[in-house]
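**Student:** One structure follows; several queries about it will come next.
The values are calculated or read from the model by the stated rules, or taken from the named source; none is laboratory data. Just so it is clear, the structure is predicted and the values come from calculations on it, not from any experiment. As a convention, Cβ positions derive from the backbone with ideal geometry for all residues, glycine included, and neighbour counts pool all protein chains shown. Each accessible area value is taken on the protein alone, full model and side chains, heavy atoms only, with ligands, DNA and RNA left out. Shrake-Rupley method; radii C 1.70, N 1.55, O 1.52, S 1.80 Å.
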Amino acid sequence: MNSLNFLKSNKQNFYYFLYLGLFLFSISILDVAINAFLKINITSFLPGILSIFLPLVLGFVGLNFIRTEYSGIKSLDIINKNINTNNFNAILTLLIIFAIIKATPPSLSWMIFDANISGDTKEACTGTGACWTYVKVWFRRFMYGMYPNDLHWRINLAFILVIALGFFGFFLRDNLKKYLALYYVIIYPIIAFLVIYYLISGGSFGLVWVETGAWGGLSLTFIVSFFCLIFCFPLGMVLALGRRSSLPMIRYISIGYIEFWRGVPLITVLFMSSVMFPMFLPEDFFMDKLVRVIIAITLFEGAYCAEVIRGGLQALPRGQYDAAKSLGMGYWKMHIFVILPQALKLVIPGICNTFLALVKDTPLIFVVGLAELAGMLALAKTNPKWLGFAMEGYIFAAIIFWIICYAMSKYSYNLEAKYKTER
Amino acid sequence: MSEPIIKIENVNKWFGDFQVLKDINLDVSAKQKIVVCGPSGSGKSTLIRCINRLEEHQKGTIIVDGTELSENTKNIEQVRAEVGMVFQQFNLFPHLSILDNCTLAPIWVKKMAKKEAQELAMKQLEQVQIADQANKFPGQLSGGQQQRSAIARALCMQPKIMLFDEPTSALDPEMIKEVLDAMVNLAKGGMTMIVVTHEMGFAKEVADEVIFMDEGMIVEKAETKEFFANPKSDRTKLFLSQIL
């Protein structure tokens with residue numbers, strides 16, 4: 001029995017084991033950290049293979065000593081419960097910690113310590129790290145594409161106006177609140193379209209016309225995402241209701257539509273919209289490429305939205321329909337007041353998912369020659385003066401996309417919490 | 001007896017190949033209270049769901065207050081506005097407060113002014129003694145309170161007829177009484193009621209007539225006292241012996 005006690009803690013020697021375990025664990029972390037940050041191998045006196053595995057062994061023994069069923073010490077219990085439940089998990093934990101420590105110094109030095117940001121030319125980048133000068137010099141292009149430099153204020157102003165109009169709904173008086181849905185579904189998109197059309201396109205009010213081919217960068221990402229999001233949601237709602245309609249004609253049209261658009265890849269749809277579609281139009285009829293692309297993405301994503309919303313409709317118990325009908329509500333009243341408010345609440349996570357995918361699909365419009373953020377990167381990296389900095393550009397774009405998408409998903413969590421009801 | 005308010009003639013209904021209702025004939029006159037009982041699967045719920053056309057019958061005619069139920073949606077909505085229904089699962093709208101549950105249909109279906117609808121709703125909620133819960137949401141109430149709210153909601157449409165589809169079957173025993181009390185009050189107020197229930201005590205207290213259904217047919221239809229005192233068919237006797 002005594003020999004067993006030596007390997008496993010009990011009540012008497014609990015703290016002895018705890019301190020010993022923590023000591024061994026810290027030693028192992030410290031060893032890896034010193035190795036990674038200072039490039040000093042303090043265990044170099046040991047034979048090769050042992051030197052590599054020593055931190056793992058020490059950490060493993062340490063975690064093994066620490067592990068108890070229940071200690072009463074809060075932070076210790078949290079560690080034991082989450083990362084140290086058994087030997088296998090302890091090893092996984094150690095390996096992950098080591099990997100993070102090992103990866104930190106090189107990425108930090110590449111991104112920050114050895115990086116360059118000063119200067120205006122490629123020659124300014126002398127360090128071994130990242131060349132943020134490249135991003136700095138190209139920043140305006142990444143944001144506004146080929147839009148003339150002195151007209152950037154028009155894009156900024158348009159976005160500020162559109163955002164302000166978006167918040168406008170929150171300040172409506174109570175007796176106007178019932179028109180809120182109408183405002184957001186119909187009036188707002190129209191106003192936003194007009195603002196963007198007159199300010200960014202120009203051509204009237206003394207503003208110079210800038211053709212859509214010159215639009216680009218992050219602002220184009222926003223424009224495309226914004227209109228696609230706004231239009232694909234109502235479209236999806238109509239299709240979802242249509243698919244559950246009792247009228248066979250409407251049902252089959254909806255099913256056909258949804259299955260068609262879900263069956264084709266977005267990239268072919270975009271090609272069709274720019275190459276095939278104009279052939280079917282009368283010759284004197286012109287539709288801008290950007291508009292065609294927005295319509296194509298909207299039609300495409302609408303089918304996905306429809307299926308997500310249908311999921312929410314199906315999740316509602318039949319009793320809700322029965323109750324609404326028994327009170328004399330017709331199809332539209334029932335859906336507007338009873339069914340959709342509940343169903344849409346249920347599908348917030350799914351809709352958010354679809355919307356995130358949509359935003360991240362916008363770079364595909366590069367195939368028809370519209371260069372939004374990722375497209376601008378692809379153009380910039382082939383510029384002969386700036387060859388070899390693709391990595392910095394893509395990291396920059398990744399960070400921006402991540403911020404956008406993270407903000408959207410955070411917002412969807414907020415909505416979920418706001419509209420949560422008990423059943 | 002005056003002209004019946006509900007007239008059901010030779011009604012047949014199938015779910016696929018399975019016949020749920022077989023040649024149902026039933027007349028209900030105004031202010032009459034009828035209790036429908038029978039084993040599960042006997043078609044009693046389906047029958048009362050046919051009366052406001054939550055289910056459609058395939059053969060026969062159903063006339064409610066002079067309006068025949070047919071494909072004509074206008075007729076259906078008119079009938080539904082006159083016929084209130086209370087469900088086994090309450091079916092309150094969980095995203096609306098109790099008060100909004102009660103005012104939704106009067107405002108949007110009957111085009112009542114909001115204030116008027118709220119006054120009416122508060123009156124009905126007082127009737128079932130939950131006026132103090134008016135601003136809570138259904139999820140915050142007990143089963144009995146929810147069912148009473150559902151009764152108030154149906155009454156806010158000021159219906160001529162009330163249908164109850166096993167209103168107490170989903171409730172804890174101690175809550176059954178509060179709901180039955182509300183229904184007894186309603187009956188005393190002179191409402192025409194058709195109640196599907198297994199609460200024989202309620203039937204004895206309130207019902208004018210009791211109908212026993214089995215396998216989609218009305219097996220026995222008799223005045224309440226007669227029904228319990230000397231049931232005619234063996235099937236009814238067996239059922240009563242098991243339930244009482």
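**Student:** Rolling a 1.4 angstrom probe over the protein chains, ignoring ligands and nucleic acids, what is the accessible area of residue A:249 in square angstrom, nearest 10?
**Tutor:** Its heavy atoms expose roughly 140 Å² to the probe.
**Student:** Can you give the relative contact order of the range A:315-416 as a percent, counting alpha carbon pairs under 8 Å and 6+ residues apart? Mind dumping the intermediate values first?
**Tutor:** Details: 49 pairs, mean separation 27.4, N = 102.
27 percent.
**Student:** Right, here's the next one. Kindly provide log₁₀ I(q)/I(0) values, in the same order as q = 0.08, 0.10, 0.14, 0.15 Å⁻¹, from the Debye equation applied to equal alpha-carbon scatterers of chain B.
**Tutor:** Listed by q, the Debye log ratios stand at -0.30, -0.47, -0.93, -1.06.
**Student:** Let me ask something else. Distance check, please: which entries in A:325/B:111; B:7/B:114; A:325/B:31 exceed 26 angstrom between their Cα atoms? Walk me through the numbers before you get to the answer.
**Tutor:** Values: A:325/B:111 16 Å; B:7/B:114 35 Å; A:325/B:31 24 Å.
Over 26 Å Cα-Cα: B:7/B:114.
**Student:** First obtain the Kirkwood hydrodynamic radius of the protein assembly as shown from its Cα pairs, then insert it into the Stokes-Einstein equation at 4 °C and 1.567 mPa s, and state the resulting D in µm² per second as a whole number. All intermediate terms of the calculation are to be shown ahead of the outcome.
**Tutor:** Working: Rh = 31.7 Å.
D = 41 µm²/s.
**Student:** State the percentage of accessible surface on chain A attributable to carbon and sulfur atoms; use a 1.4 Å probe and exclude ligands, DNA and RNA.
**Tutor:** Values: 16870 of 23680 Å².
Whole-percent figure for carbon plus sulfur exposure: 71.
**Student:** Mind checking B:85-92 for the average number of partner chain beta-carbons within 10 Å of each residue's beta-carbon? Intermediate values should be presented prior to the final figure.
**Tutor:** Working: counts 5, 2, 4, 1, 6, 2, 10, 4.
Mean shielding count: 4.
**Student:** How crowded by other chains is A:149-162, given as the mean number of beta carbons from other chains within 10 Å of each beta carbon? Don't skip to the answer; put the middle values down first.
**Tutor:** On the way: counts 0, 0, 0, 0, 0, 0, 0, 0, 0, 0, 0, 0, 0, 0.
Mean shielding by partner chains, rounded to a whole number: 0.
**Student:** Can you give the mean number of other chain Cβ atoms that lie within 10 Å of the Cβ atoms in peptide A:317-323? Mind showing how you got there, number by number?
**Tutor:** Details: counts 3, 3, 6, 6, 2, 9, 14.
For peptide A:317-323, the averaged partner shielding equals 6.
**Student:** For chain A, set up a GNM with springs between Cα atoms under 10 Å and report which of A:337, A:396, A:231 has the largest fluctuation.
**Tutor:** A:337
**Student:** Can you give the calculated 222 nm mean residue ellipticity of chain A, where each DSSP H run of n ≥ 4 adds -39,500 (n - 2.57) and the sum is split over every residue, rounded to the nearest 500 deg cm²/dmol? Walk me through the intermediate numbers first.
**Tutor:** On the way: 18 runs with 267 residues, N = 423.
After summing the helix terms and dividing by residue count, I get -20500 deg cm²/dmol.
**Student:** Now a separate question. Answer rounded, prolate or oblate for the range A:270-317, using the Cα gyration tensor with square roots of eigenvalues a ≥ b ≥ c: rounded when a/c is under 1.5, else prolate when a/b is larger than b/c, else oblate. Working shown, then result.
**Tutor:** Details: a/c = 4.10, a/b = 3.73, b/c = 1.10.
It comes out prolate by the Cα gyration axes.
**Student:** Quote the relative contact order of the range B:63-145 in percent (integer), defining contacts as alpha-carbon pairs under 8 Å separated by 6+ residues. The partial results should precede the final answer.
**Tutor:** Values: 54 pairs, mean separation 22.8, N = 83.
Relative CO of the range B:63-145 lands at 27 percent.
**Student:** Kindly sort A:133, A:68, B:73 by accessible area of their heavy atoms, largest first, with the probe set to 1.4 Å. Spell out each step's value before the answer.
**Tutor:** Details: A:133 0, A:68 35, B:73 90 Å².
Output order, biggest surface exposure first: B:73, A:68, A:133.
**Student:** Let me ask something else about it. Enter the accessible area of residue A:16 (Å², nearest 10), with the probe set to 1.4 Å and all protein chains included.
**Tutor:** Its accessible surface works out to 150 Å², give or take rounding.
**Student:** Let me ask something else about it. As a test of reading the structure, rank B:93, A:193 by solvent-accessible area (1.4 Å probe, protein chains only), most first. Present the calculation step by step, with values, prior to reporting the outcome.
**Tutor:** On the way: B:93 0, A:193 95 Å².
Putting B:93, A:193 in descending order of accessible area: A:193, B:93.
**Student:** If you average the C-alpha positions of the range A:28-75 and of the range A:259-299 separately, how far apart do those two centres end up, in angstrom?
**Tutor:** That distance is 59 Å.
**Student:** Relative contact order of chain A, please, whole-number percent, based on alpha carbon pairs below 8 angstrom and at least 6 residues apart. Numbers along the way, then the final one.
**Tutor:** Details: 431 pairs, mean separation 57.9, N = 423.
The value is 14 percent.
**Student:** What total accessible area, in Å², is buried where chains A and B meet, using a 1.4 Å probe and rounding to the nearest 100? It would help to have the intermediate numbers written out before the result.
**Tutor:** Working: alone 24720 and 11770 Å², together 34460 Å².
Using a 1.4 Å probe, the pair buries roughly 2000 Å².
**Student:** May I pose another question? I want the local charge near residue A:334. Using Cβ-Cβ distances under 13 Å, sum +1 for each Lys or Arg and -1 for each Asp or Glu among the other residues. Don't skip to the end; give the middle numbers.
**Tutor:** Working: positive: A:244, A:318, A:325, A:333, B:80; negative: A:322, B:77.
With Lys, Arg at +1 and Asp, Glu at -1, the net is +3.
**Student:** So if I average 1/r over every pair of distinct C-alpha atoms in the range A:136-234 and take the inverse, what Kirkwood radius in Å does that give?
**Tutor:** Values: mean 1/r = 0.0684 Å⁻¹.
Over the range A:136-234, the inverse of the mean reciprocal pair distance is 14.6 Å.
**Student:** If you don't mind, there's one more thing I want to ask. Based on alpha-carbon centroids, what's the gap between the range A:357-376 and the range B:1-77 in Å, whole number please?
**Tutor:** The range A:357-376 and the range B:1-77 have Cα centres spaced 60 Å from each other.
**Student:** Could you please put A:74, B:13 in sequence from largest to smallest accessible area, using a 1.4 Å probe?
**Tutor:** Values: A:74 160, B:13 10 Å².
Listed by decreasing accessible area, they come as A:74, B:13.
**Student:** Taking Cβ-Cβ under 4.7 Å as the only way to count a partner, pick out the unpartnered cysteines of chain A.
**Tutor:** A:228, A:232, A:305, A:352, A:405
**Student:** Under a crude label model (7 Å from the Cα following the beta-carbon direction), how far is residue B:19 from residue A:417 in nanometres?
**Tutor:** The two pseudo-label positions are separated by 6.0 nm.
**Student:** Let me ask something else. Roughly how many whole Å is it from the C-alpha centroid of the range B:111-159 to that of the range B:160-196?
**Tutor:** 15 Å
**Student:** So what is the 222 nm mean residue ellipticity for chain B from helices alone, if each DSSP H run of at least 4 adds -39500 (n - 2.57) and you divide by all residues, rounding to the nearest 500 deg cm²/dmol? Spell out each step's value before the answer.
**Tutor:** On the way: 9 runs with 95 residues, N = 244.
Calculated at 222 nm, the ellipticity per residue is -11500 deg cm²/dmol.
**Student:** State whether the range B:38-95 is rounded, prolate or oblate according to the following rule on the C-alpha gyration tensor (a ≥ b ≥ c being the square roots of its eigenvalues): a/c under 1.5 gives rounded; otherwise a/b larger than b/c gives prolate, and the remaining case gives oblate. Each step should come with its number before you reach the end.
**Tutor:** Numbers: a/c = 2.27, a/b = 1.17, b/c = 1.94.
Cα axes put the range B:38-95 in the oblate bin.
**Student:** State whether the range A:42-193 is rounded, prolate or oblate according to the following rule on the C-alpha gyration tensor (a ≥ b ≥ c being the square roots of its eigenvalues): a/c under 1.5 gives rounded; otherwise a/b larger than b/c gives prolate, and the remaining case gives oblate. Can you show the working numbers first?
**Tutor:** Values: a/c = 5.35, a/b = 1.58, b/c = 3.37.
It comes out oblate by the Cα gyration axes.
**Student:** Counting only DSSP beta bridges with both residues in the protein assembly as shown, tell me the antiparallel percent, nearest 5.
**Tutor:** Details: 20 of 39 bridges.
Antiparallel: roughly 50 percent of the beta bridges in the protein assembly as shown.
**Student:** What ranking, highest mean first, results for peptides A:353-363, B:160-170, A:404-414 when packing means the other Cβ atoms within 10 Å averaged over each residue? Could you put the intermediate results ahead of the total?
**Tutor:** Values: A:353-363: 18.9, B:160-170: 21.7, A:404-414: 13.6.
Going from most to least packed, we get B:160-170, A:353-363, A:404-414.
**Student:** Can you give the net charge of the other residues whose Cβ lies under 13 Å from the Cβ of residue B:132, counting K and R as +1 and D and E as -1? Show your work: numbers first, answer last.
**Tutor:** Details: positive: B:136, B:148; negative: B:126.
Here the charged neighbours net out to +1.
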